[in-house]
1. Answer with yes or no whether residue 56 is over 14 Å from the mean Cα position of the chain (by Cα) and either closer than 20 Å to residue 155 by Cα or not assigned by TED's automatic domain parsing to the domain that holds residue 145 (or both).
2. Check whether at least one residue in segment 294-309 is modelled with pLDDT under 95 and within 21 Å of residue 172 (Cβ to Cβ), and report yes or no.
3. Evaluate segment 228-247: report whether one residue or more is of a type outside the set (Val, Ile, Thr), outside the structural domain of residue 137 (by TED's automatic domain parsing), under 30 Å from residue 13 (Cα atoms) and part of a helix (DSSP H, G or I).
4. Quick check: anything in segment 235-252 without any contact (Cβ under 8 Å) to a residue 12 or more places away in the chain, among the polar types (S, T, N, Q), out of contact with any helix residue (DSSP H, G or I) (no Cβ under 6 Å at 6 or more places or on another chain) and surrounded by fewer than 18 Cβ atoms within 10 Å (Cβ to Cβ)?
5. Quick one: would you say residue 540 is touching a residue at least 60 places away in the same chain (Cβ under 8 Å) and either farther than 30 Å from residue 405 by Cα or assigned to a helix (DSSP H, G or I) (or both)?
6. For residue 141, are the conditions met, namely being over 16 Å from residue 33 (Cα atoms) and touching a Gly at 6+ places or on another chain (Cβ under 9 Å)?
7. With the requirement that a residue be touching a residue at least 24 places away in the same chain (Cβ under 8 Å) and crowded, with 17+ Cβ neighbours inside 10 Å, what does segment 383-399 give you?
8. Within segment 432-470, track down each residue that is part of a strand (DSSP E or B) and either buried (at least 24 other Cβ atoms within 10 Å of the Cβ) or of a type in the set (D, E, K, R) (or both).
Amino acid sequence: MAAVMPAPAASRLLMSGNEAVARAVWESGVKVAAAYPGTPATEMLEEISTYPDVYAEWSVNEKVSLEVAIGAAFAGSRSFCCMKHVGMNVASDALMTLTLTGVIGGLVIAIADDVGLSSSQNEQDSRFWGRFAHLPVLEPADSQEAYAMTKVAFDLSERFQVPVILRMTTRINHVKALVTVGARSERAGAGFKKDPGRWVMTPAGAVKRIPLMFERDVELRKLAEESPLNVLENGSDRRVGYITSGTAYMHVKECFPEAPVLKLGLSCPVPVERCRELAALVDQVVVVEEVEPLVEMELKAAGLAVLGKDILPRQGELAPHVLKPAIARLLGEPVPEMKVAPPMPVFPRPPTMCVACPHLGVYYTLSQVKNLTISGDIGCYTLGAGHPWNALDTCISMGASMGIALGLDKGRGEADKDKRILAVIGDSTFLHMGMQGLLDIVYNKGNVTILLLDNRAVGMTGGQNNPGNGYDLYDNAAPKVDFAKLCESLGVKKERIHTVDPYQLPVLFKTIRDEIKVPEVSVIITDQPCVLTKAYHKQRAYAVIDDKCTGCGNCIEVGCPAIHVTRRGKEVKASGREVDLAFVRIETSVCTGCGLCLQPCAPDAIVHYEPVSPIRLVKN
C-alpha cells in the first residue's frame, strides 16, 4: 500500500475506532508497528500502513508481532502492536516476561475484544491481562477517546517503562464518529543499551526485577486515583450510581442520563477511592462492565457494597434493552417493554463460502468420503462444518487441527479403530501455528492426513498477504514459502506430499481416498487462490439448461451460493422409493466459471452461458 498524505492538524475526520487509533499511532511518532490479521482489530495495521515514516508488517502470528514491537521498544523507539482478544493468548508468553523487563521506547498493545461474538470462537475479557501482567489498561468509549487514549498510552508507557494495554471492543473498533486530529511528533530512538541484568531474563535477573514490578503497582494505583481519564460525573438521581467503562459507559448515559457515573478510562488499576467517592453520593452502586466482573470483584474485595453480575448478564453487550429492565427490577419499578428493532426480513441463508471458493470442492469431496473424522481449524474453511457439507468435526483455535488430529489418532478406542483421521488447515493458519503441530505428528509417527488449503491469502479477515503468497503488507514482492518443501523439511516423506487443483474433483477425491489409507503422515496441498484477490481470474459463466435438468440436486451439494433452487418435487423410483427433486438455475451475474457444479451434474445440464444479444432499435 502506498503512503498517503495525512490530513492536516486540527482536522475533524469521520473515523472508526480502528482508524482513530492508527492516526494516533502515527502522530505519536511510532517507528514500528506489527500485527497478525484478526477481526475486529485488522484495520488498525492496514490503516497504519498508509501513513509515512512508520515501518508496518504482517507478522506470522501475534507472538511474533509483539516480539517485533518489543525489540523496537528495547531500541528506544516507540512501537505498536495490535490483535484480537484470542491473539493475546498466543502473544502472552512474551507479555508475561515483558512485564519484568519493561521497555525504553513507548509500547502500546491494542487488544480488540469481540463482545457479542461477532466473529470469534469465544468472548474472553482482555482486561484480565492487565491484572495478570501488572500493566495499566485504558478503555476508550468512542473514536475520539480511542485517538486520545492511544496518545496518552505512549506517554504512560515511557513514564513507567512498561507496555500499556488499550482495550477496545467491536463496537468501538468499527463504529465511526468525528475525531479531531493533530500532527505527527517525531521521536528519535535512544538506541539499544546493553544491560544483561535487565534484558536477559534468567532466574537470577528476573528475581531482581519482581520487586520493581510491585513498586510500579503502587505508583500506578496512585495514578489511577488522580488520573483525568477517570471522571466522576454528578447527577440528580441518587438512587443508583454507576461505575463503568468503554462502550458500556455510552449505554449507561443513554439509559440513565441523570444518574451519577464514574467513568473509568484507566480501568486497571481500579481507583478504589474514587469508587468510594461515588458510593457516598448514591443509595446503590451498580458496576456495568463487559463481560467479566473484574471491577466488581475488586471493589467487593475492598469492602464496597456494589452490584454487578448478580443483576446483569455475563455475556454480550450491555445495551439499553438489557440495562433498563435490570435496573427497573432492582428499583422495584415496572419493567419497561424494550422493543429491539428486528432485522430487515431477508431470505434466510446460513453463512457460506463465496461463489467459486476453492474450499467448496474440498468440502464437497470430504462430504463424499466415508468413515472419516475431520479435525478443523480457524479460517473461511471453518464454514465446512455447515450445510450442505457437514464435513468438520472439531474446531478450537489457530493451528489446533494438527494436535487434535494426532490426539484423535493416538486416543482412538475400539469403536474408532477403523476411522481415518484428517486435519484441515489454511495456508496462513499453518504458518501461524500449524507447522509445530505437523512436526509433532511426524515426530510421534501419527497416522494423519493433512489437507493444507493454500488460497494465497488470509481469506477470512479480508485477503491480507502472508509469507505463502509472495507479497508483503505493501504488496511488494517478498520471499514466498514453498509449502511442499516446507512440509518435507518437517519430516513428511516426499512421496506422501501431493499438490492438487481443488477444482478437479475426481483428482482431489482419488488423492484423499488414497492417502487416508496410507498408515503414516501425508499432506495434500490445494493451490488455487481466494476468489476475492487479484490472483483469481474469472472465467466464462455457466448456466442450466432447464429441459435437461432432472432435479437430481448433485450440484447443490457443492454448496456454491450462485446455485438457486427454482422448484422442488418428488419422484417415485421403480423400486418404490420416493426421492426429493430440486430443479436449479445458476446466477450467471456472479458465476465465475470455476466448473465445480459441472462435474457432479449427472444429466450434463450445465453448459457455458450464452448471453442473449441485445435488440438494436433502428429509427425509421
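The values are calculated or read from the model by the stated rules, or taken from the named source; none is laboratory data. Please read all numbers here as calculations on a predicted model, not as lab measurements. Note that each Cβ is placed from the backbone with ideal geometry, even for glycine, and that neighbours are counted across all protein chains shown.
1. When the stated conditions are applied, residue 56 does not pass them.
2. Scanning segment 294-309 turns up no residue that is modelled with pLDDT under 95 and within 21 Å of residue 172 (Cβ to Cβ).
3. The answer is yes, given that some residue of segment 228-247 is of a type outside the set (Val, Ile, Thr), outside the structural domain of residue 137 (by TED's automatic domain parsing), under 30 Å from residue 13 (Cα atoms) and part of a helix (DSSP H, G or I).
4. Looking for residues that are without any contact (Cβ under 8 Å) to a residue 12 or more places away in the chain, among the polar types (S, T, N, Q), out of contact with any helix residue (DSSP H, G or I) (no Cβ under 6 Å at 6 or more places or on another chain) and surrounded by fewer than 18 Cβ atoms within 10 Å (Cβ to Cβ), one finds none in segment 235-252, hence no.
5. So residue 540 fits the description; yes.
6. Yes: the conditions hold for residue 141.
7. If the condition is that a residue be touching a residue at least 24 places away in the same chain (Cβ under 8 Å) and crowded, with 17+ Cβ neighbours inside 10 Å, then 383, 384, 389, 391, 392, 395, 397, 398, 399 are the ones that fit.
8. 449, 450, 451, 452, 453, 458 - these are the residues of segment 432-470 that are part of a strand (DSSP E or B) and either buried (at least 24 other Cβ atoms within 10 Å of the Cβ) or of a type in the set (D, E, K, R) (or both).
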